[in-house]
Amino acid sequence: GGLEAMPSASLQSVTSLLHLEDEARLIRAYRALQGGFLTHQDVAKQWRLAAVDAGDMSMALARHESMPTALTRALLWRALDSEKTASRLVMIAAAMDVDAAEGAGMLMAPLYAELAREALGFEGAATLLSDTGAPLAAKIALLLAAASNSADAGPSDTGSVMPAGLDTAMVDALAGVSAMMAGGPLDSAALDQLDIWHLLPLFERRVGADAATAMPVNWLSLDSAAARAPASFVSVSPVWMRALEQAADDGRVGETVLIAQRIVSAQGLSQLHPADAARIHAALMTIGQAAVANAVANDILSAHLLDASLAIDIDTLPLLEMAATASGDGVANGDTVAATGTATNEDVVDATQTEAGDAGSQDSDN
């Protein structure tokens, strides 16, 4: 469609157009979010107002997985929003896996998190996330933590945004990470629990002014399997890093920000070497751009949390059975589900693939 091909520079004027078909409005809102012209709250409002039948959750998920576009992504979100049982949590996790794999996880996390927070209050949610559903609970917790760092999601206070009912150890670890990003002391238990010791250089940059007392002295006392685990990253060109630091030292604000932006966009948030990320943070702080520096650090952390969520495999869970149990009567948004079924997440998609239909002729927006 034309909106998919429209350059970002033209999007701002398009956001004010009134005479658009409803499906075009869905695409317009997503593209405006990509361009930074709308907040996640704005997009959620516009998607809810569009008079488009998204279909049931399973069909919308199958359609989106088959050919992800801005339209299928919006329709899936609308289908999830229409589902008022705890089974919504099952499909949110599957939807986030699709979008994270397609490179849209960071953009969609706050939108899915809004739906997840509401669904955690639905009847049956606690049962759904207990015992067999522990991996699902972990994925939801990581999603909420990643979304809390969004620029338009308010202050990054993970402890205050985590609803009750999620895994206590995971929630405590995420709260510890949030505290470190806010300048608190090193929380080795949180780094162990989340297996993110590789981000230590970035956390060290966020420690308060008296680093000598805030950071531990005896590093060997913190040795653990998680602390020793290797991790692979992409190192930034030494020339670019030195150019960044030279511009910062000389007080060239615009040049420093542009170089930092180029480095981050070229490497990717989760692939950027944490040591390089720490130097980028330091350079931005040098030129007095604390808000930008901290936003970059938060985005990098969110990207790693989403990667951790993606790594949790829920394909082997009896998701249809879990969804039926959560809905209370074996019916989730029009889909009859056998209460004793053992179908997996892959079965959910396969069973509805022939019903999904054509997702439209929209170009991929990833």
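Every number in this text was worked out from the coordinates using simple rules, so none of it is lab data. All figures in this text were calculated on a predicted structure; none of them were measured in a lab. Counting neighbours? That spans all protein chains shown, and the Cβs are built from the backbone with ideal geometry, glycine included.
Lys and Arg at +1, Asp and Glu at -1: add these up for the other residues within a Cβ distance under 11 Å of ALA275 and post the number.
Working: positive: ARG205, ARG279; negative: GLU204, ASP276.
Residues near ALA275 contribute 0 overall.
By the scheme Lys and Arg +1, Asp and Glu -1, what is the net charge of all other residues having a beta-carbon under 14 Å from that of LEU244? Write down the numbers at each step before the final one.
On the way: positive: ARG242, ARG252, ARG262, ARG279; negative: GLU245, ASP249, ASP250, GLU255, ASP276.
With Lys, Arg at +1 and Asp, Glu at -1, the net is -1.
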Residue-ordered couplings for the range 27-42, obtained by feeding phi - 60° into the Karplus form 6.51 cos²θ - 1.76 cosθ + 1.60 and rounding to whole Hz (Gly and Pro as x), are 5, 4, 5, 5, 5, 5, 5, 4, x, x, 8, 10, 8, 4, 5, 4
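Please compute the length gained on full extension between ASP53 and SER221, using 0.36 nm multiplied by the number of residues separating them and subtracting their Cα-Cα distance. Don't skip to the answer; put the middle values down first.
Details: separation 168, 0.36 × 168 = 60.48 nm, distance 5.76 nm.
Gain on extension, ASP53 to SER221, equals 54.7 nm.
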In whole Hz and in residue order, list the ³J(HN,Hα) couplings for the range 44-60 that follow from phi through the Karplus curve 6.51 cos²θ - 1.76 cosθ + 1.60, θ = phi - 60°; x for Gly and Pro. 4, 5, 5, 5, 5, 7, 5, 8, 10, 7, 7, x, 7, 4, 5, 5, 5
Under a Cβ-Cβ cut-off of 15 Å, what is the net charge of the residues other than ALA231 that fall near it, where Lys and Arg count +1 and Asp and Glu count -1? -3
Calc'd 3J(HN,Hα), the range 191-202, phi into Karplus 6.51 cos²θ - 1.76 cosθ + 1.60 (θ = phi - 60°), Hz, glycine/Pro = x, comes to 5, 5, 4, 8, 6, 10, 4, 5, 8, 3, x, 6
